[in-house]
Amino acid sequence: MLPVSEQLQILTRGVVTLHSEKELAEKLARGQPLRVKMGVDPTSPDIHLGHAVGLRKLAQFQELGHHIVLIIGDFTAMIGDPSGRSTTRPPLTHDQVMENAKTYTEQAFRVLDRSRTEVVYNGDWFADMPFTEVIRLNARVTLQQMLQREDFKTRVADGTEVRLHEIQYPIMQGWDSVLVRADVEIGGSDQLFNILVGRDLQKAEGQEPQVCLTLPLLEGLDGVKKMSKSLNNYVGVTDAPRDMFGKLMSIPDELMPKYYLLVLGEEMPTGLHPMEAKKTLAARCVTQYHDADAATDCLTDWDLRFSKRDLASADLPELDLPEQRDLISVAAHAYRVAFGLTKSNGDIRRLIQGGSIQLDGEKISDPKAQPAWAAGQVLKLDKKHSVRLR
């Protein structure tokens with residue numbers, strides 16, 4: 001293993017909370033592999049780059065010789081993590097969760113080394129837990145302690161309901177740490193409360209408490225809200241190469257240093273033009289989740305479409321015209337169908353007035369225009385989005 005100081009330099013990069021660095025240094029100094037835990041609830045069948053932030057940190061521990069324990073929350077997923085939620089999550093059945101888990105774990109191994117990862121399901125211990133044990137666990141925490149959580153506190157203050165089963169979630173996550181004897185637990189910054197509960201339960205069971213390591217939440221493509229499939233601002237790890245590349249090229253410039261740090265695990269190179277920095281990031285991600293040939297193809301296609309402005313030869317998404325054929329309706333339809341983006345009429349008027357929208361290279365300045373649409377024409381919507389009419 002590397003010296004403790006070098007390990008700490010790698011492992012603390014990009015971290016929000018480390019409780020505590022002294023404890024982690026002491027554990028590392030023993031020279032034995034640490035048991036590093038992260039729990040994931042497969043509430044959907046696919047993972048995106050926001051989920052992969054924690055997996056990347058696990059991979060760093062793994063590369064340094066530590067033992068990874070990936071907990072699939074087949075039982076906790078039926079409750080749904082209330083962290084950061086303003087309402088109760090809709091319940092899932094166990095069958096739904098297990099179906100999601102099949103693809104979820106496969107996708108996790110695009111980041112982690114499968115041969116060195118221990119995968120466990122918390123349903124193995126929760127499904128048959130006697131009610132007396134549930135009561136015993138509940139006795140370890142107080143209602144006041146649970147209501148110190150910011151999300152619960154906010155919901156109570158707003159008069160929004162907090163269901164009692166949600167209060168069980170931090171206790172169950174903490175009990176996972178006891179049963180796998182975690183030395184370190186990794187989670188998003190919204191997970192700190194849950195991880196600290198795990199420390200308390202470990203102490204009560206006579207175990208050495210785990211180190212809490214939390215990571216930033218990755219903003220999505222809108223640059224504002226947490227990356228989420230429900231908000232359609234995500235980059236999926238199974239997205240097709242060109243889709244992945246194109247989405248990453250739409251990231252706001254100011255988020256680039258954070259994406260380099262959280263998605264690639266390194267500092268953004270200095271002196272790069274923002275466009276070159278994005279192209280490098282996008283190509284590296286495509287290489288990681290697909291291969292180098294796919295990344296080269298994406299770069300070539302991007303340069304053809306946007307750097308060389310040769311849209312006539314480019315491989316563009318094809319679009320069938322909607323029933324309403326005015327420019328605003330067609331442009332809104334193109335954004336929605338080809339790129340999954342929602343643009344208001346006002347947004348599109350501004351693009352037209354700014355000269356962004358072009359048909360076969362000719363700017364259209366009239367928002368009410370109804371061009372003589374024809375198959376094969378290229379409709380350019382903005383600098384990054386163009387379609388070919390079918």
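The values are calculated or read from the model by the stated rules, or taken from the named source; none is laboratory data. Bear in mind that the values here come from a model prediction, so they are computed numbers and not experimental data. As a convention, Cβ positions derive from the backbone with ideal geometry for all residues, glycine included, and neighbour counts pool all protein chains shown. When the accessible area is computed, the model is the full protein with side chains, heavy atoms only, and any ligands, DNA or RNA have been set aside. Shrake-Rupley method; radii C 1.70, N 1.55, O 1.52, S 1.80 Å.
For residue 299, are the conditions met, namely being out of contact with any strand residue (DSSP E or B) (no Cβ under 6 Å at 6 or more places or on another chain) and under 30 Å from residue 237 (Cβ atoms)?
yes
Starting from residues that are farther than 17 Å from residue 177 by Cβ and of a type in the set (Val, Ile, Thr), keep the ones in region 37-59 and report whichever is most open to solvent (accessible area, probe 1.4 Å).
Applying the filter and picking the extreme gives 43.
If you scan region 60-83, which residues turn out to be surrounded by fewer than 19 Cβ atoms within 10 Å (Cβ to Cβ) and among the small types (Gly, Ala, Ser)?
Result: 65, single match.
Report every pair of residues separated by at least 6 positions or lying on different chains whose Cβ atoms are under 8 Å apart, first residue within region 341-359 and in contact (Cβ under 8 Å) with a residue 12 or more places away in the chain and part of a helix (DSSP H, G or I), second acidic (Asp, Glu) and surrounded by 12 or more Cβ atoms within 10 Å (Cβ to Cβ).
Note: pairs meeting the criteria are 351/382.
It is to be established whether one or more residues within region 279-298 are over 24 Å from the mean Cα position of the chain (by Cα), open to solvent by less than 60 Å² (accessible area, probe 1.4 Å) and without any contact (Cβ under 8 Å) to a residue 60 or more places away in the chain.
Scanning region 279-298, I find no residue that is over 24 Å from the mean Cα position of the chain (by Cα), open to solvent by less than 60 Å² (accessible area, probe 1.4 Å) and without any contact (Cβ under 8 Å) to a residue 60 or more places away in the chain, so the answer is no.
Quick check on region 26-75: of everything there that is outside any strand (DSSP E or B) and among the β-branched types (Val, Ile, Thr), which residue is nearest to residue 10 (Cα to Cα)?
53
Before we move on, is residue 387 free of Cβ contacts under 8 Å to residues at least 40 places away in the same chain and either assigned to a loop (DSSP other than H, G, I, E, B) or touching a strand residue (DSSP E or B) at 6+ places or on another chain (Cβ under 9 Å) (or both)?
no
Of (1) without any contact (Cβ under 8 Å) to a residue 12 or more places away in the chain; (2) in a helix (DSSP H, G or I); (3) over 24 Å from residue 217 (Cα atoms); (4) charged (D, E, K, R), residue 128 satisfies all except one. Which?
Just one mismatch for residue 128, condition (2).
Looking at 177, 189, which is the one that is hydroxyl-bearing (Ser, Thr, Tyr) and within 25 Å of residue 226 (Cα to Cα)?
The unique qualifying residue is 189.
Filter region 311-342 down to the residues that are under 25 Å from the mean Cα position of the chain (by Cα) and surrounded by 17 or more Cβ atoms within 10 Å (Cβ to Cβ), then identify the one that is modelled with the highest pLDDT.
Here the residue is 335.
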